[in-house]
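Here is the structure we will look at.
The values are calculated or read from the model by the stated rules, or taken from the named source; none is laboratory data. Since this is a predicted model, take the numbers as computed values, not measurements. Here Cβ is always computed from backbone atoms with ideal geometry, including for glycine, and neighbour counts include all displayed protein chains. Accessible surface areas use protein heavy atoms only, side chains included; no ligands, DNA or RNA. Shrake-Rupley method; radii C 1.70, N 1.55, O 1.52, S 1.80 Å.
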Amino acid sequence: MTDAIQTSTSLNKAQQMRQLFAHRVINQVRQVIDLWRQLPETHWSVVAMSDFTLAVEKLAASAKRFEAEKHLMLANNLLAIVKPISRGTPPDSDHLEQLNRLVRQLSETALRHSDDQQAEHLIPSKKPVYIAIEETDIALTFAEQMQYFGIRSEVQKSGQDFLQALQRRHPSALVLDINFGGPGHGLSLAAQIQSEREQNLPILFIYQEEQPDIEHHLSAMRNGGIGLYRDVEIQSVISELEDLLDTTPEDPFRILIVDDSKAQAMHSARVLNKAGMVTEAVNDPLQVLHALSANNPDLILMDMYMPGCNGMELAKVIRQQREYLNLPIIYLSGEEDRQRQLDAMAEGGDDFLTKPVEPRHLLSTIRTRVHRARQLHQLIARDSLTGLLNHTHILEALQDQLQKNDDASISFVMIDIDHFKNINDQHGHPVGDIVIKNLALFLKQSLRKSDPIGRYGGEEFAVVLPGANQQQACMVMEKLRTNFANLIHGGNKSLQVTFSCGLAQWQGESLSDLVERADQALYQAKHNGRNQVSAAS
């Protein structure tokens, strides 16, 4: 009996230690990510590098104290790369790539599928969202719905309460009624708040019933408004907040430099590395197709005149490969003849920069082109209604995960909205679309950023859970199923929706067999009465 009590006591202490670390690590990981993002903006200054190193050292110390092996390993790996780099000097592409990979892995450790379910899921904002809506019931509904999506919020009852709360603690964002405290008072309150700050707080403005005119829209925009929403558009507000508060580090831009001059290529690489971009240089233009296949760049920065072939010929060959049809190509050349520049762009180039080019001009052009190319890729790979991966690309994501994992710690999940035809028949297809978008948003907010999520077709969704065995996947999906049933849809408090879920853990079989097992488990969940999670045998 005594042994059992001692065992129970030690288990409780271990659990308390895990929970204490889970809360502490969230703040420390977020600080590391924030400082990492600032490094390129500060041009890798001595102070910024020292701050980043110190933050990683603190994380390593906490991880060692709480016996968190994963965090300790990542922190030590970061320190091993950062410490030898000269202060004030940007890392080269190899080190940049390693650092980016480690920081991204760190951002994905806020909740593993084996973690205690009381731990925070993802890396939430350190600051809450303040809600100031004239109708208290609507404000409380916003707060309740945000809670299900993991967004912390505080409801403010009056303008005075609002201003006092701002003095105590600045929020991550505001949800503000344009008529909070009286007609137009919300807009006046926003103007007062922003005038006292160096940098605007992001504000999502809310209105009720009467459609705002153009003057309201302009006033909202001028006072830091990033959207103007009807008070029933709760999920649209949450979707905007989800994007706004997302702290996942963006993948670094990957630039392929094609230039026969090693000196020029090295100079371009240094400028781009300093801005946090990963580069690969090719001095032999005849090797460009091999380099494209090996590096999968976001953009090609290419000289115009090179031995063996010129830039226009190379651009033609690249454009003949279907996978590179939309890959941005920027010429960087000493050619000053405007007609020749236009001819080169007509043969597959997207822009032409004349040497010598000012670094800010070069970086601005590259950023604009890569952002647009990535947006185009997102449109191609993602479902237009939900923004999730489409059918083809969720299966590609599953295949990628199967190739990366040599063990069976990966589960595939299929989800189907219950009685969806009845929702369309009774409430109309627009409400059906809202339900689909709400589930998509709920999955994105509730799962890790490293978990691929897709719209499989119609009202069916698919999720890949790397690092999750069948038991862990069941726990995750059961919690999501329960919470989703509490959401309201389309402003209709009487419309609450459930889903059925089937999942299977990978046992080394083919992709099609794994999908078939998950599909059979989903069929079993629906056959047994819906609104439940079923695991493949």
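Count the DSSP beta bridges whose two residues both fall in the chain, then state the antiparallel fraction as a percent rounded to the nearest 5.
Values: 20 of 56 bridges.
Roughly 35 percent of the DSSP beta bridges within the chain come out antiparallel.
Applying a DSSP loop filter and a limit of 14 other Cβ atoms within 10 Å to the chymotrypsin sites (Phe, Trp or Tyr not before Pro) in region 292-392 leaves 305.
Net charge in the neighbourhood of residue 368 (other residues with Cβ under 14 Å of its Cβ; Lys, Arg +1, Asp, Glu -1) is +2. Cross-link pairs exceeding 27 Å in C-alpha to C-alpha distance, out of 262/355; 404/449; 421/449; 421/479; 127/444; 58/479, comprise 421/449; 58/479.
For the peptides 254-266, 421-433, what is the packing order when you average, over each peptide's residues, the other Cβ atoms within 10 Å and list the highest mean first? Show your work: numbers first, answer last.
Numbers: 254-266: 18.3, 421-433: 14.0.
Per-residue mean Cβ counts within 10 Å order the peptides as 254-266, 421-433.
Which of 102, 446, 178 sits closest to the plus end of the dipole of the chain, meaning its Cα is farthest towards the positive end, when Lys and Arg get +1 and Asp and Glu get -1 on the C-beta? Toward the positive end, the furthest listed residue is 102. Counting only protein heavy atoms and a probe of 1.4 Å, the accessible surface of the chain is 47% carbon and sulfur. On a per residue basis, the chain carries 49 Å² of accessible surface, using protein heavy atoms and a 1.4 Å probe. Based on C-alpha pairs under 8 angstrom that are at least 6 apart in sequence, the chain has a relative contact order of 10 percent. In region 417-522, Rg over Rh equals 0.98, where Rg is the alpha-carbon radius of gyration and Rh the Kirkwood radius from pairwise Cα distances.
Annotation for region 49-97: GluC sites (Glu not before Pro) lying in DSSP loop with at most 15 further Cβ atoms inside 10 Å of their Cβ are 67.
Exactly which GluC sites (Glu not before Pro) in region 206-239 are in a DSSP loop and have at most 16 other Cβ atoms within 10 Å? Write out the running numbers ahead of the final one.
Numbers: sites: 209, 210, 215, 233; in loops: 209, 210, 233.
Loop-located and lightly packed - 209, 210.
The Rg/Rh ratio of the chain, with Rg taken over Cα atoms and Rh as the Kirkwood radius over Cα pairs, comes to 0.99.
Can you compute the charge dipole magnitude of the chain about its Cα centre, using +1 on each Lys and Arg Cβ and -1 on each Asp and Glu Cβ, nothing else charged? Give it in debye, rounded to the nearest 20. Don't skip to the end; give the middle numbers.
Details: 52 positive and 68 negative charges, 281 e Å.
Taking the Cα centre of the chain as origin, the dipole is about 1340 debye.
Here the Debye sum runs over all C-alpha atoms of region 175-283 as equal scatterers in vacuum, and log10 of I(q)/I(0) at q = 0.10, 0.23 Å⁻¹ comes out as -0.51, -1.18.
Quick check for me: using +1 on Lys/Arg Cβ and -1 on Asp/Glu Cβ, what's the dipole size of region 288-414 about its Cα centre, in debye to the nearest 20?
Values: 13 positive and 17 negative charges, 59 e Å.
Its charge dipole is roughly 280 debye.
Farthest toward the positive end of the dipole of the chain, out of 417, 468, 430, is the Cα of 468, where the dipole comes from beta carbon charges about the Cα centre.
Using the rule -39500 (n - 2.57) for each DSSP H run of four or more residues, divided by the residues of the chain, the 222 nm mean residue ellipticity is -17000 deg cm²/dmol. Under a model in which nothing but the beta-carbon of Lys, Arg (+1) and Asp, Glu (-1) is charged, region 152-240 shows a dipole of about 420 debye around its Cα centre. The listed peptides 462-470, 340-348, 219-227, ordered by packing as a protection proxy, come out as 462-470, 219-227, 340-348 (highest mean of other Cβ atoms within 10 Å first).
Would region 285-375 count as rounded, prolate or oblate if I go by the C-alpha gyration tensor, calling it rounded below 1.5 in a/c and otherwise prolate when a/b exceeds b/c, oblate otherwise? Mind dumping the intermediate values first?
Details: a/c = 1.59, a/b = 1.10, b/c = 1.44.
It is oblate, given that a/c is not under 1.5 and a/b is not larger than b/c.
Considering only 283, 66, 239, and ranking their Cα positions along the charge dipole of the chain that arises from unit charges at the beta-carbon of Lys, Arg, Asp and Glu, the one farthest toward the positive end is 66.
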